[in-house]
1. With +1 assigned to the C-beta of every Lys and Arg and -1 to the C-beta of every Asp and Glu, and no other charges, what is the dipole magnitude of the range 116-169 about the Cα centre in debye, to the nearest 20?
2. HN-Hα J couplings of the range 156-173 from phi, Karplus 6.51/-1.76/1.60, θ = phi - 60°, integer Hz, Gly and Pro as x?
3. Fully extended, how many nm does the chain gain between M209 and E17 (0.36 nm per residue separation, minus their Cα-Cα distance)?
4. On average over all directions, what projected area in square nanometres does the range 101-235 have, based on the convex hull of its Cα atoms?
5. Could you let me know the centre-to-centre spacing of the range 1-52 and the range 169-231, using Cα atoms, in angstrom?
6. Between R281 and W247, what FRET efficiency follows from the Cβ-Cβ distance if R0 is 51 Å, with the result rounded to 0.05?
7. Report the one residue of F21, L36, A5 whose Cα lies farthest in the direction of the positive end of the charge dipole of the range 1-53 (charges on C-beta: Lys and Arg +1, Asp and Glu -1; origin at the Cα centre).
8. Please give the contour-minus-distance gain from R8 to S112: 0.36 nm per residue of separation, less the Cα-Cα distance, rounded to one decimal in nm.
Amino acid sequence: IDQAAVKRSFTKPEKTEPTNFIRREIAARMAERLDLIKLQPKVIVDAGCGAGADLLRLQDRYADSRVIGIDASAGMLAQAAALLSQNQSALTRLMPKWLGKALQSGPDIELSCADFARTPLTTQSVDFVWSNLALLWHAQPDLVFAEWRRILQVDGLLMFSSFGPDTFLEVRQAFATVDDYPHTLPFVDMHDLGDMLVHAGFSTPVMDMEKIYLTYQEPEHLLREVAAFGGNPLLSKRQGLLGKQVWQQVLKALNAQRKADGRLHLTLEVIYGHAFRAPDRKTASGESIIQFDALRKPPGSRLS
């Protein structure tokens with residue numbers, strides 16, 4: 001993955017706006033999973049916060065928490081800042097008599113323009129890392145997990161979503177009829193992500209997956225929305241535009257995939273994961289850390 005190309009893809013938030021509905025849907029499903037976990041975080045990081053919708057969701061759930069939104073796109077962060085300002089202005093207009101001092105000063109949300117694999121945060125300064133459909137855009141998710149573990153406190157929670165290998169399956173099949181280039185990302189398998197979590201130092205990761213199907217009447221609409229998810233930032237992608245004849249062949253291949261309902265289906269394999277940051281097993285100098293529980297003497301027994 002070309003990280004510079006990823007950054008360019010998200011420079012203008014209006015380009016990804018047509019697919020925000022699926023991000024909001026997946027965020028809602030993540031929140032349902034969060035309902036099962038008892039958590040009172042003081043500091044929350046939204047890694048890959050984009051235009052900021054999840055920042056408000058997190059602030060609403062954990063009103064006393066400090067929320068930090070991190071994203072590599074200055075354009076996305078500008079939209080997030082505008083959203084936060086608009087939200088605060090609406091509250092001020094609606095409830096001027098009931099606003100307390102804390103609310104008048106605005107929600108405790110901060111924005112930082114940075115790569116979420118190299119955050120500006122200090123070690124073990126965060127209680128909860130949330131990341132919705134952002135991990136899939138990074139070339140080395142194992143390094144991302146290592147960074148998230150670094151900033152999390154011991155027993156801190158990581159919750160994220162990503163796409164799995166079957167995502168955009170129909171598009172890959174259609175383009176395979178015209179060339180051998182990759183036209184979508186090679187999304188990482190759920191089990192591989194789980195292995196990366198364990199290797200990075202997270203304990204008892206819980207991974208699950210579901211498939212969501214979007215339907216379309218026209219293949220052009222389907223392809224526009226696939227592009228609106230963020231495009232194709234692969235270094236190995238086909239260079240230059242497709243010719244008219246090749247493009248028509250892709251559309252024909254997609255039309256051949258129509259289901260019994262007469263519509264085109266687009267597969268999203270959505271992966272959900274959460275895990276807790278395990279205690280360190282080694283010191284900074286490489287020495288192993290071994291913990292011993294105090295040995296208690298059972299009643300009526302003798303220890304030698």
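Values quoted throughout were computed directly from the atomic coordinates according to the rules given, and no laboratory measurement underlies them. Note that the coordinates shown come from a computational prediction; the quantities given were computed from them, not determined experimentally. As a convention, Cβ positions derive from the backbone with ideal geometry for all residues, glycine included, and neighbour counts pool all protein chains shown.
1. Approximately 160 debye in magnitude.
2. Computed from phi, the couplings for the range 156-173 are x, 9, 10, 9, 8, 10, 7, 9, x, x, 7, 5, 6, 3, 5, 5, 4, 5 Hz.
3. Residue separation times 0.36 nm, minus the Cα-Cα distance, leaves 66.7 nm.
4. 11.7
5. So the two Cα centres are separated by 16 Å.
6. 0.40
7. Result: A5.
8. That pair, R8 and S112, stretches by 35.7 nm at full extension.
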